[in-house]
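For reference, the structure is listed below as structure tokens.
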Amino acid sequence: MHSMETTATKKRGLAAIWALCPKRHVLLLVSAGLIALHLLTRGDHALMVFLSEKIVRPLHRALGSFNARVPFSMAELLLGLFAAAALGYIAFQIAALIRKGERPARLYRTLVTLFTAGLSIYALFCLLWGVYYYADDFAEKSGFENREISVEQLESVTRYFARLANAYAAEVPRDENGFCVSDRAEILRRSPEVFAGTEKKYPCLEGPPLAAKGICFSRVMSYLDFSGFFFPFTAEANVNTDMPACDLAATVAHELSHQRGVAKEQEANFTAVLACLDYGDPDYCYSACLLAYTHLGNALAGADRAAWEEIFDGLDENVVRDLLSRRAYWAQFDTPAQTVSNTVYEGFLHSYDQTLGLKSYGACVDLLVNYYYEASLG
């Protein structure tokens with residue numbers, strides 16, 4: 001008899017908890033179920049290909065085209081509104097907890113609301129971006145063969161991009177101190193044209209000619225160590241316009257690569273370099289050469305320090321000046337906030353089996369060497 005009463009009491013207790021916020025409980029369970037379904041099925045390659053190519057990419061094309069009608073970043077607006085709403089809600093609930101009764105019930109509803117909101121957003125993120133990591137990547141869709149490379153090949157392609165950087169350094173605008181001062185607004189204005197040539201060679205990169213958008217609070221992005229981001233909920237390529245001008249164009253191309261379905265960071269870097277050089281615009285070509293040289297040079301420095309030093313000594317003084325200005329710019333944001341941001345983002349990459357974490361940005365070296373090695377011999 002006692003056992004039956006205890007069971008009945010527990011049922012009444014669970015029913016009472018459920019009744020505190022039934023709609024939020026339903027949304028919480030649905031979101032958790034969708035995330036669990038994604039975790040269980042993301043190993044199904046055929047399903048991930050279907051979802052990414054037949055649902056997500058068409059949706060991103062439509063969303064990107066729709067949001068291109070406004071000149072500002074809808075992503076930044078939504079993130080700002082969400083942050084303001086979350087902070088306002090928390091402040092209101094704290095004040096209510098202090099002034100009013102029913103504190104346990106109100107506290108429970110507040111925590112469930114916040115947790116449900118976070119879980120719902122992540123569930124949608126899994127569909128709108130997470131599926132890409134388990135579908136065909138750029139190399140598979142394009143048929144590009146990424147073979148093992150030698151140190152000699154790495155050195156040859158590093159020299160090639162150093163020469164290109166030296167050549168393009170003379171074609172970009174500079175201030176009285178010799179620093180690159182490419183027009184940021186013009187770089188963004190020309191961004192819809194960047195992939196026009198490359199998508200003809202690689203149809204898997206086809207997409208509407210959309211412009212990247214500058215973020216108003218770019219300085220905040222710098223504190224978080226972000227040069228740009230693709231926002232899958234609005235399908236916009238967003239870039240930090242506060243960073244050195246010499247890096248902006250390559251960052252624009254990188255985020256546009258994500259907009260065209262290239263999820264992996266190393267492949268987005270490679271396709272960014274490829275698109276910029278195919279485009280032929282000096283601002284984009286110079287920025288791409290700096291991006292490529294940085295990754296190639298870092299790899300070569302670890303493999304053959306003497307060869308790297310020789311190549312570095314041959315860089316034009318304007319190239320060196322821009323590389324140093326980049327280093328100085330980002331060094332000022334070396335704060336705990338940046339460390340936390342990097343830790344969180346690396347955890348995100350690991351959660352999607354991107355086991356190289358932030359180091360995966362350097363894995364574009366193999367792609368660059370395989371693609372540009374023949375050109376480097378010319």
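Hey, rough spin-label estimate for GLU310 and TYR122, points 7 angstrom out along Cα→Cβ, what's it come to in nanometres?
5.1
Could you tell me what % of all Cα pairs in segment 269-333 have separations over 20 Å?
Details: 767 of 2080 pairs.
Looking at segment 269-333, the distances longer than 20 Å represent 37 percent of pairs.
Out of the total accessible area of the chain (probe 1.4 Å, heavy atoms of protein only), what percent is carbon and sulfur? Spell out each step's value before the answer.
Details: 11880 of 18740 Å².
After summing per-atom areas, the C and S share lands at 63 percent.
Restricted to Cα positions, what overall size does segment 44-128 have along the principal axes? Three whole-Å values, descending.
Per principal axis, max minus min of the Cα coordinates gives 52, 38, 11 Å.
Would you mind calculating the gained length between ILE94 and ARG24 on full extension (0.36 nm times residue separation, minus the Cα-Cα distance), in nm to one decimal?
Working: separation 70, 0.36 × 70 = 25.20 nm, distance 1.94 nm.
Once the chain is fully extended between ILE94 and ARG24, it gains 23.3 nm.
Taking volume of the Cα convex hull per residue in Å³ as the quantity of interest, determine which of [x] 155; [y] 184; [z] 133 was computed from the displayed structure.
Given [x] 155; [y] 184; [z] 133, the structure-derived one carries the label [y].
Calculate the spin-label point distance for GLU171 paired with THR41, positioning each point 7 Å from the Cα along the beta-carbon direction, and give it in nanometres.
4.8
So what are the radius of gyration and Dmax for the Cα set of segment 81-125, in Å?
Final numbers for Rg and Dmax: 11.8, 37 Å.
Over the chain, what relative contact order in percent results from Cα pairs under 8 Å that are six or more residues apart? Show your work: numbers first, answer last.
On the way: 461 pairs, mean separation 78.9, N = 378.
For the chain, the relative contact order is 21 percent.
Seen from all sides and averaged, what is the projected area of the convex hull of the Cα atoms in segment 222-343, in nm²?
On the way: hull surface 33.9 nm².
Dividing the Cα hull surface by four gives the mean projection, 8.5 nm².
How far, in nm, would the chain grow between SER65 and ILE17 when pulled straight, counting 0.36 nm per residue and subtracting the alpha carbon separation? Let's see the in-between values first.
On the way: separation 48, 0.36 × 48 = 17.28 nm, distance 4.42 nm.
Length gained between SER65 and ILE17: 12.9 nm.
With every protein chain present, what is the per residue accessible area of the chain (1.4 Å probe, Å²)? Can you show the working numbers first?
Details: 18740 Å² over 378 residues.
Dividing the accessible area of the chain by its residue count gives 50 Å².
Need one number: convex hull volume per residue for segment 1-142, Cα atoms only, in Å³.
Details: hull volume 22.2 nm³, N = 142.
Dividing the Cα hull volume of segment 1-142 by its residue count gives 157 Å³.
Compute the longest continuous run of the chain that contains no exposed GluC sites (Glu not before Pro); treat a site as exposed when its DSSP state is not H, G, I, E or B and it has at most 12 other Cβ atoms within 10 Å.
Details: sites that count: GLU102, GLU145, GLU148, GLU171, GLU176.
Value returned for the longest uninterrupted segment is 177-378.
Which longest uninterrupted range of the chain lacks any trypsin sites (Lys or Arg not before Pro) assigned by DSSP to a loop state (not H, G, I, E or B) and surrounded by at most 13 other Cβ atoms within 10 Å? Display every interim value, and only then the final one.
On the way: sites that count: ARG69, LYS100, ARG147.
Result for the longest clean stretch: 148-378.
Using the Kirkwood radius built from alpha carbon pairs, what does the Stokes-Einstein equation give as D for segment 208-291 at 20 °C and 1.002 mPa s, in µm² per second?
Working: Rh = 12.6 Å.
The diffusion coefficient I find is 170 µm²/s.
How long is the gain from LEU107 to VAL181 if the chain were fully straight, where each residue apart is worth 0.36 nm and the alpha carbon distance is subtracted? Provide the component values of the computation, followed by the final result.
Numbers: separation 74, 0.36 × 74 = 26.64 nm, distance 5.26 nm.
Stretched fully, the LEU107-VAL181 segment lengthens by 21.4 nm.
The values are calculated or read from the model by the stated rules, or taken from the named source; none is laboratory data. Just so it is clear, the structure is predicted and the values come from calculations on it, not from any experiment. Methodologically, a virtual Cβ is constructed for each residue, glycine included, from the backbone with ideal geometry; neighbour enumeration extends over all protein chains shown. The protein model used for the area step is the full one, side chains on, heavy atoms only, and it has no ligands, DNA or RNA in it. Shrake-Rupley method; radii C 1.70, N 1.55, O 1.52, S 1.80 Å.
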